[in-house]
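*Asks:* Take a look at the following structure, please.
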Amino acid sequence: MIKPLLYGGLAVFGMVSAVAAADSPASLMALYAQQAGVSGSALSATRGEALYRTEHAGRDGQAVSCAGCHTANPAQAGRTRVGKRIEPLAPAAHPQRFTDAAKVEKWFRRNCQDVLQRECSAQEKGDFITWLSQIK
Amino acid sequence: MNYLLRGTGVVTAVGVFSLLTFSLPSGEAHGDGGGNVLPRTINQAWQQECASCHLAYSPAFLPQASWRRLMNGLDRHFGENASLDPATQADILRFLEANAADRGGSRIGSKVMKRMPAGEAPLRITDTRWFVHKHDEVSQSVWSRKSIGSTAHCAACHRQAEQGVFDEDTVRIPKQ
């Protein structure tokens, strides 16, 4: 029963990656800079890192931050609240990161709501990817 | 590049063939024969979306009414925003309803329903009387061990949970 699942998984992965290979961290940074109405050089890794690390009061009053689940080092794997592994956010440690714009938008939408209680701006998204892309 | 494409093609062909051979009705019937082995019914969106954060819990663990409530509140999903685009959400809900505890005809589903008071539609699998009964020998100190951490973390002890296998002899409770 495991083998067919594995092959099935590989097949699905093969098809998905063939379709979604168009985006990259660089293309998403350019897109977000454009949406924010700034030049690509105006994106800031320093602001991106601050966004990642700053704790905010969550919905139930507890302190929440990106680092809370993704750990202080984005080149490391994180853990969801129920203990499942989260692959590292830094593209250097997990090359599939930021290669699918729809997926990136989905997670910004969800996680910005959870951490900041609002959506992130295009500038914030660009800053965030700028910082993560610089991590070795 | 050609080799990569060819490789992907072969893997895809093998994958599709294997899925057709082993996962259609004959596979399900076999998978459901062992009592605590869940039917291997797969929906791609369910697997991909739900399993990004937690085990893709089998539809057979809750009745249809529970899945409807749950899927209609994904923006407040146990304290987290797990919202989906409407098409994906509808696709997953259809799959959950069709294979729910009160629909799918699986053995685990029947056991869940046998202990479910009429009209109840819990949001948490861990709130079903079936789950509580099955885990009544597990003490609070075990649940709070670091490597378990949450009652939602099936795979911490059920080592083949990802394959839908929950048999007792696959259980290994971590010591810490």
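Computed from the coordinates by the stated procedures, all read-outs in this text should not be read as laboratory data. If you're wondering where the values come from, they're calculated on a predicted model, not measured in any experiment. So basically every Cβ, Gly included, is an ideal-geometry build from the backbone, and we count neighbours across all protein chains shown.
*Asks:* Output wanted: per-residue J couplings in Hz (rounded whole) for region A:107-122, from phi through Karplus 6.51 cos²θ - 1.76 cosθ + 1.60, θ = phi - 60°, x for Gly and Pro.
*Replies:* Once θ is set to phi - 60°, the couplings for region A:107-122 become 6, 4, 4, 5, 6, 5, 4, 5, 8, 9, 6, 7, 6, 7, 7, 4 Hz.
*Asks:* Give me A:Ser44, B:Ser106 sorted ascending by neighbouring Cβ count inside 10 Å, so fewest comes first.
*Replies:* Values: A:Ser44 15, B:Ser106 23.
So the residues, fewest neighbours to most, are A:Ser44, B:Ser106.
*Asks:* What is the distance, in nm, between label points placed 7 Å from the Cα along the Cα-to-Cβ direction at A:Ser27 and at B:His77?
*Replies:* That separation, rounded to one decimal, is 2.6 nm.
*Asks:* Taking each residue in B:79-86, count the Cβ atoms of any other chain within 10 Å of its Cβ, then average. What number comes out?
*Replies:* 5
*Asks:* Based only on other Cβ atoms within 10 Å, what is the fewest-to-most ordering of A:Lys103, A:Lys136?
*Replies:* A:Lys136, A:Lys103
*Asks:* How do the peptides B:108-118, B:52-62, A:50-60 rank, highest first, by the average count of neighbouring beta carbon atoms within 10 Å per residue? Don't jump to the answer; show the numbers that get you there.
*Replies:* Working: B:108-118: 15.8, B:52-62: 21.9, A:50-60: 13.7.
Highest to lowest by the protection proxy: B:52-62, B:108-118, A:50-60.
*Asks:* What spacing in nm lies between the two simple spin-label points modelled at A:Gln134 and B:Val138, each 7 Å away from Cα in the Cβ direction?
*Replies:* Distance between label points: 4.5 nm.
*Asks:* Next question, about the same structure. Once label points are set 7 Å from the Cα along Cα→Cβ at both A:Ala50 and B:Ala51, what is their separation, rounded to one decimal in nm?
*Replies:* 4.1
*Asks:* How would A:Asp114, B:Asp75, A:Asp127 line up from fewest to most surrounding beta-carbon atoms within 10 angstrom?
*Replies:* Result, fewest neighbours first: B:Asp75, A:Asp114, A:Asp127.
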